[in-house]
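Below is one structure; the comments refer to it alone.
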């Protein structure tokens, strides 16, 4: 559990301090609400492993009351998950969240019709107010726009915007280079 917490802090520090993992950068990271949310989630998992149900429940209530985040007991969080704004974020069921995923706040990751939960890849950005619902897969480095409602898979590097979300694929690299030279 402690090793996992250290990995979380190192990943958060690396991503949000331009690769700087010095002591000063880590101190800044430790002051983030996001670190506390993830730490409480890791403590809850440890309490469940030790069959300490009341401790898990107490920590869940504290996490919800203090930070406004509800994370289900069967959710898998990757290293360095970052809650930019914690209030109103709900991650339910057995959703799988990759490494360094950023939640901008007031997000829902859950089920639409009790038919399964999302899998979110590494380095995904989930915009404020976005909803990701059902057994969908969000590819690595995808961006979910603010207030988008995602009900379909989003490929790697793509952007999803709107209600229901429409997918915009990244332009091929040769096309981007050509446009940049114009």
Flag for residue 132 being out of contact with any helix residue (DSSP H, G or I) (no Cβ under 7 Å at 6 or more places or on another chain), outside any loop (DSSP other than H, G, I, E, B) and closer than 25 Å to residue 7 by Cβ: yes
Residues located in segment 44-80, provided they are closer than 13 Å to residue 8 by Cα and in contact (Cβ under 8 Å) with a residue 40 or more places away in the chain: 78, 79, 80
Exclusive hit being surrounded by 20 or more Cβ atoms within 10 Å (Cβ to Cβ) and either touching a strand residue (DSSP E or B) at 6+ places or on another chain (Cβ under 6 Å) or within 23 Å of residue 7 (Cα to Cα) (or both), set 95, 158: 95
Spans of helices (runs of 4 or more DSSP H) in segment 1-60 with at least 3 residues in contact with a helix residue (DSSP H, G or I) (Cβ under 8 Å, 6 or more places away or on another chain), more than 20 Å from residue 125 (Cβ to Cβ) and at pLDDT 90 or above: 33-49
Of the criteria (1) assigned to a loop (DSSP other than H, G, I, E, B); (2) in contact with a helix residue (DSSP H, G or I) (Cβ under 9 Å, 6 or more places away or on another chain); (3) buried (at least 18 other Cβ atoms within 10 Å of the Cβ), which one residue 117 fails: (2)
Residue 89 being surrounded by fewer than 18 Cβ atoms within 10 Å (Cβ to Cβ) and at pLDDT 90 or above: no
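The values are calculated or read from the model by the stated rules, or taken from the named source; none is laboratory data. Remember, predicted model here, so these are calculated numbers, not experimental data. Reconstructed Cβ throughout: ideal geometry from the backbone, glycine too, with neighbour counts over all protein chains shown.
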